[in-house]
Amino acid sequence: MSRIAKTEAISLKNVSLSGASRYIIALTRDFGKVTLVAKGIKKPKSRFGACLEPFVLSEVLFYHKENRETHYISHCDIIESFSNLRRDLEKIRFAAASVSVIDKVIDHEEKNSVLFDLVFSILTELNRSEESQLFILYLAFLTKLAALLGFQPILDRCLRCGALAEERTHPYFSIVEGGLICSGCEIVASKDRINYKRITPEIREILYQFLTEKFYKNKRRILTDSSLEQLHILLKMYLEYHTDKRIPPISESYLII
Ligand SMILES: [Zn+2]
């Protein structure tokens, strides 16, 4: 049983097929992540044009077949091409990293319009932001994604004894339990170096802001290069542990696209 479906779609990845066709792995507003087949897309005068290129937001019409893993596209129109982003290699790197994470951690055909809005928002911000803001935007994206997937870390108190963050120092972050461990509980924490990561008050504060503020405020935060890198490692480990999927490094993501 197949029916024609219309939805907004953001292309995450293209995979070349034999002949002139491609698979388009896309995140859609109404069907979640889907694999679409674009017949004839590699021909010079393809009717699809650029609307299925990575990162482009389009409205697509496709034949949706239940219990099938792939669906044929009949038509698409560009809604937003993110043209600044697509002309800038640094922006492409971070956009590619963002959509690669989504491709890795999201299962097929599970509708989640909040997730769709998150991906649209990060592409919008990468498109219009300064180069110096791209990394912090990507880290804010990973933090918001973790929360949206159900792994929001506890950042206002110790997971063990409940001591509030403003009353005591909290030098550890537990990857497994998802939150802070205070200095009073440090002896237990120090036994497991893989689970418990050192976290500075600066990084705790920025994680809290990522969770409570929108992207346009997140990107104005200033962090040193070493704090950015430390936060990146922490978020990568955190997402990998809780999703059981490998998060690709930023530079490697660019090569996948
Ligand atoms: Zn404690």
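FYI, it's all coordinate maths here, none of it is from the lab. The structure displayed is predicted, hence computed values, not measured ones. All Cβ positions, even for glycine, are placed from backbone atoms using ideal geometry, and neighbour counts span all protein chains on display.
Can you grab the distance from the C-alpha centre of the range 1-78 to the C-alpha centre of the range 123-168, Å, no decimals?
One Cα centre to the other: 32 Å.
Relative to the present Cα-Cα distance, how much length would full extension add between Lys214 and Asp244 at 0.36 nm per residue of separation? Walk me through the numbers before you get to the answer.
Numbers: separation 30, 0.36 × 30 = 10.80 nm, distance 2.71 nm.
Between Lys214 and Asp244, full extension yields 8.1 nm more.
By how many nm would the segment from Phe151 to Arg3 grow when fully extended, if each residue of separation counts as 0.36 nm and the alpha-carbon distance is taken off? Don't jump to the answer; show the numbers that get you there.
Details: separation 148, 0.36 × 148 = 53.28 nm, distance 3.55 nm.
Gain in length upon complete extension: 49.7 nm.
Apply the Karplus parameterisation 6.51 cos²θ - 1.76 cosθ + 1.60, with θ equal to phi minus 60°, to every residue of the range 14-29 and state each ³J(HN,Hα) to the nearest whole Hz, in sequence, with x for glycine and proline.
Using θ = phi - 60°, the values come out as 10, 10, 6, 10, 5, x, 9, 9, 9, 7, 10, 8, 10, 9, 10, 5 Hz.
Identify the chymotrypsin sites (Phe, Trp or Tyr not before Pro) of the range 133-204 meeting these criteria: DSSP loop state and at most 15 other C-beta atoms within 10 Å of the C-beta.
On the way: sites: Phe135, Tyr138, Phe141, Phe151, Tyr172, Phe173, Tyr196; in loops: Phe151.
Listed in order of number, the matching sites are Phe151.
Can you list residues from other chains, or at least 5 along the same chain, whose modelled amide H is less than 5 Å from the amide H of Val56?
Ser11
What list of ³J(HN,Hα) couplings, whole Hz, do you get for the range 73-79 from phi and the Karplus terms 6.51, -1.76, 1.60, once you set θ to phi - 60° and write x for glycine and proline?
For the range 73-79, the Karplus-derived couplings read 7, 9, 7, 8, 10, 6, 9 Hz, x marking Gly and Pro.
Of all beta bridges DSSP finds with both residues in the chain, what is the antiparallel percent, to the nearest 5? Mind showing how you got there, number by number?
Numbers: 37 of 43 bridges.
Looking only at bridges with both residues in the chain, the antiparallel portion is about 85 percent.
Using a Gaussian network for the chain with springs between C-alpha atoms less than 10 Å apart, which of these wobbles most: Arg29, Arg86, Arg160?
Result for the chain, Cα springs under 10 Å: Arg160 fluctuates most.
Determine the gain in length on full extension of the stretch Ser74-Arg168; use 0.36 nm per residue of separation and subtract their C-alpha separation, reporting nm with one decimal.
Details: separation 94, 0.36 × 94 = 33.84 nm, distance 5.95 nm.
Extra length available between Ser74 and Arg168 comes to 27.9 nm.
Kirkwood Rh over alpha-carbon pairs of the chain, then Stokes-Einstein at 20 °C and 1.002 mPa s: what D in µm² s⁻¹, rounded to an integer? Please report the intermediate quantities before stating the final value.
Values: Rh = 19.6 Å.
So the translational diffusion coefficient is about 110 µm²/s.
Taking the Cα centre of the chain as origin, sum charge times position over the Cβ atoms of Lys and Arg (+1) and Asp and Glu (-1), and report the length of that vector in debye to the nearest 20. Each step should come with its number before you reach the end.
On the way: 37 positive and 32 negative charges, 156 e Å.
The calculation lands at about 760 debye.
Using helices alone, I'd like the mean residue ellipticity at 222 nm for the chain: each DSSP H run of four-plus residues gives -39500 (n - 2.57), total over residue count, nearest 500. Mind dumping the intermediate values first?
Values: 9 runs with 98 residues, N = 257.
Helices in the chain give a 222 nm mean residue ellipticity of -11500 deg cm²/dmol.
Sort 215-221, 56-62, 203-209, 104-110 by the packing proxy (mean of other Cβ within 10 Å over each peptide's residues), most packed first. Spell out each step's value before the answer.
On the way: 215-221: 16.4, 56-62: 21.6, 203-209: 18.0, 104-110: 14.3.
Per-residue mean Cβ counts within 10 Å order the peptides as 56-62, 203-209, 215-221, 104-110.
Roughly what % antiparallel, to the nearest 5, for the DSSP beta bridges in the range 1-81? All intermediate terms of the calculation are to be shown ahead of the outcome.
Values: 30 of 33 bridges.
The antiparallel proportion sits near 90 percent.
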